[in-house]
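**Q** Okay, here's the structure, questions in a sec.
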Amino acid sequence: MKSYPYRRKPGRLLGSILTNVFMWLLVVIVVYPIIWIFINSLKSNSELFLNSFGLPSKAMFSNYISAWNQGLSSYFMNSIIVGAISIIFTIVLGSLCAYGIARFEFKGKNFIFYLILGGLLLSPQASLVPLFRMLDFLKLYNTYWALILTYIAYRLPFAIFLMHSYFLSFPKELEDSARIDGCGSFATFTRIVLPISKPIVASVSIMTTIFVWNEFIFALVFVEDARLYTIPVGLASFKDALNTNWTAILAGIIIASIPIIVLYMLLSKSFISGLTEGSVKG
């Protein structure tokens with residue numbers, strides 16, 4: 001029997017070509033700005049403006065040292081403190097709330113869940129003045145907690161939404177087996193459910209980290225002391241009315257991007273899995 005070589009249909013071939021072109025175009029759009037910032041962070045200020053699209057004549061890694069010594073080290077530490085506490089509280093409170101709504105029946109459950117989801121519609125700009133007055137009344141203005149509590153409040157609805165969908169898809173047989181062995185509800189959650197829910201925990205952690213690490217408006221308004229500045233506000237403070245070291249700012253942006261890139265590389269598989277299951281199932 002004579003065999004014939006497989007030939008793609010013209011429509012499929014064209015679709016494949018267009019898909020590949022689109023994907024490479026997307027890669028260029030995303031990656032090129034990072035490459036541009038890195039290349040120009042190695043130039044002097046004068047060379048940056050004279051030849052912003054060329055390679056540096058001499059790599060000036062001293063710009064990174066200058067950015068770090070100019071205050072980025074303290075801004076970096078402030079972002080880590082605020083981010084770590086915000087992430088921990090968001091994960092703990094979000095998982096407990098999502099699991100309770102997903103697994104237990106109580107009066108007003110749906111109302112509470114939809115009320116929480118309403119927080120996703122709340123604009124930061126619209127709540128800026130009320131939050132400022134509340135934090136000032138509670139004597140939390142110009143402290144770490146002014147940012148931490150605000151970030152937790154803004155990230156909890158999304159965390160609960162994702163985790164709730166994930167827990168709905170969680171096999172109840174595992175929980176029933178744990179209860180037969182004598183585990184209570186809280187022990188079942190901490191010993192069985194939460195360890196297996198690492199993908200959704202990773203997804204929420206990464207998305208909360210990105211939000212906290214890059215948030216600017218709340219950090220600018222709720223913190224006045226320069227010693228408490230986070231990275232976005234700290235980098236903005238590098239700009240001077242008369243003399244701005246732009247290459248140091250670009251170096252600071254690269255330094256600030258490293259933790260997010262490393263975190264995503266470490267948790268990328270769990271992030272994609274958790275985000276997909278948490279948003280589709282349930």
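**Q** Please determine, by comparing only the residues of the stretch 200-250 that are touching a Pro at 6+ places or on another chain (Cβ under 9 Å) and of a type in the set (A, V, I, L, M), which one is surrounded by the fewest Cβ atoms within 10 Å (Cβ to Cβ).
**A** Of everything passing the filter in the stretch 200-250, ILE217 is surrounded by the fewest Cβ atoms within 10 Å (Cβ to Cβ).
**Q** Additional query: Against the condition more than 23 Å from VAL262 (Cβ to Cβ) and either crowded, with 18+ Cβ neighbours inside 10 Å or not small (Gly, Ala, Ser) (or both), how does ARG133 come out, does it pass?
**A** For ARG133, the condition - more than 23 Å from VAL262 (Cβ to Cβ) and either crowded, with 18+ Cβ neighbours inside 10 Å or not small (Gly, Ala, Ser) (or both) - is met.
**Q** With the structure loaded, tell me whether PRO157 is in contact (Cβ under 8 Å) with a residue 40 or more places away in the chain, not in a helix (DSSP H, G or I) and not acidic (Asp, Glu) or whether it fails that test. Show your work before the answer.
**A** Details: in contact (Cβ under 8 Å) with a residue 40 or more places away in the chain: yes; not in a helix (DSSP H, G or I): no; not acidic (Asp, Glu): yes.
Spelling it out, it is not the case that PRO157 is in contact (Cβ under 8 Å) with a residue 40 or more places away in the chain, not in a helix (DSSP H, G or I) and not acidic (Asp, Glu).
**Q** With respect to PHE170, is the statement that it is modelled with pLDDT under 85 and not β-branched (Val, Ile, Thr) true?
**A** In short, yes.
**Q** Shifting gears a bit: If only one of VAL204, VAL233 is more than 20 Å from MET163 (Cβ to Cβ), touching a residue at least 40 places away in the same chain (Cβ under 8 Å) and touching a helix residue (DSSP H, G or I) at 6+ places or on another chain (Cβ under 7 Å), which one is it? Outline the logic, then answer.
**A** Numbers: VAL204 fails: more than 20 Å from MET163 (Cβ to Cβ).
Answer to the selection: VAL233.
**Q** With the condition kept exactly as written, say whether any residue in the stretch 75-86 is surrounded by fewer than 17 Cβ atoms within 10 Å (Cβ to Cβ), in contact with a helix residue (DSSP H, G or I) (Cβ under 9 Å, 6 or more places away or on another chain) and over 28 Å from ALA146 (Cβ atoms).
**A** For the stretch 75-86, residues surrounded by fewer than 17 Cβ atoms within 10 Å (Cβ to Cβ), in contact with a helix residue (DSSP H, G or I) (Cβ under 9 Å, 6 or more places away or on another chain) and over 28 Å from ALA146 (Cβ atoms): absent.
**Q** Using the structure shown, decide if SER95 is within 22 Å of LYS239 (Cβ to Cβ) and of a type in the set (Ser, Thr, Tyr).
**A** So SER95 fails the test.
**Q** Out of LEU72, LEU55, which single residue is farther than 30 Å from VAL193 by Cβ, crowded, with 20+ Cβ neighbours inside 10 Å and not small (Gly, Ala, Ser)? Steps first, answer last, please.
**A** Values: LEU55 fails: crowded, with 20+ Cβ neighbours inside 10 Å.
Every option except LEU72 fails the conditions.
**Q** Looking at the stretch 160-175, I want the residues that are of a type in the set (Ser, Thr, Tyr) and have a partner that is crowded, with 22+ Cβ neighbours inside 10 Å with Cβ atoms under 6 Å, at least 6 apart or on another chain. Which pairs are those?
**A** SER165/GLY278; TYR166/ILE200; TYR166/GLY278
The values are calculated or read from the model by the stated rules, or taken from the named source; none is laboratory data. Computed from a prediction, not measured in an experiment: that's the story for all the values here. Positions of Cβ are backbone-derived with ideal geometry, glycine not excepted, and every protein chain shown enters the neighbour counts.
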